[in-house]
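Single-structure report; data block below.
Here, each number is a calculation from the coordinates, and none is a lab measurement. Remember, predicted model here, so these are calculated numbers, not experimental data.
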Amino acid sequence: MKLSEFRIALAGEFGAAYGEVVLGDVALEAFGGRTAREALDAGVAPQEVWLALCAAMDVPPARRHGAHRREPKDAAGR
């Protein structure tokens, strides 16, 4: 996931305005309490930040691939 895809997924899941609040306010346990913005600024991969943010915000697993992104294939390639 590229940073631009992260931003699209963030806005798609939470809305543009609330997505910015989530990005800067939600402490992510997976990154020692850093926010998503702080984790990204520290060089954590956008995909890792996205998944941690989804877990923290109880985003259903079916939507964790990100808005406007194709669902990942399963282990069998389907």
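Taking Cα pairs under 8 Å and at least six residues apart, what relative contact order does the range 3-61 come out at, in percent?
After rounding, I find 26 percent.
Starting at the first residue of the range 44-55, write each ³J(HN,Hα) from the Karplus equation 6.51 cos²θ - 1.76 cosθ + 1.60 with θ = phi - 60°, in whole Hz, x for Gly and Pro.
5, 4, x, 4, 5, 5, 4, 5, 5, 5, 4, 5
Write down the Kirkwood hydrodynamic radius of the range 3-61, to one decimal in angstroms, obtained as one divided by the mean of 1/r over all alpha carbon pairs.
11.1
Between ARG34 and residues 5 or more places away or on another chain, which pairs have amide H atoms under 5 Å apart, with H built 1.01 Å from N, and which residues are they?
Close amide H contacts, sequence-distant or interchain: LEU28.
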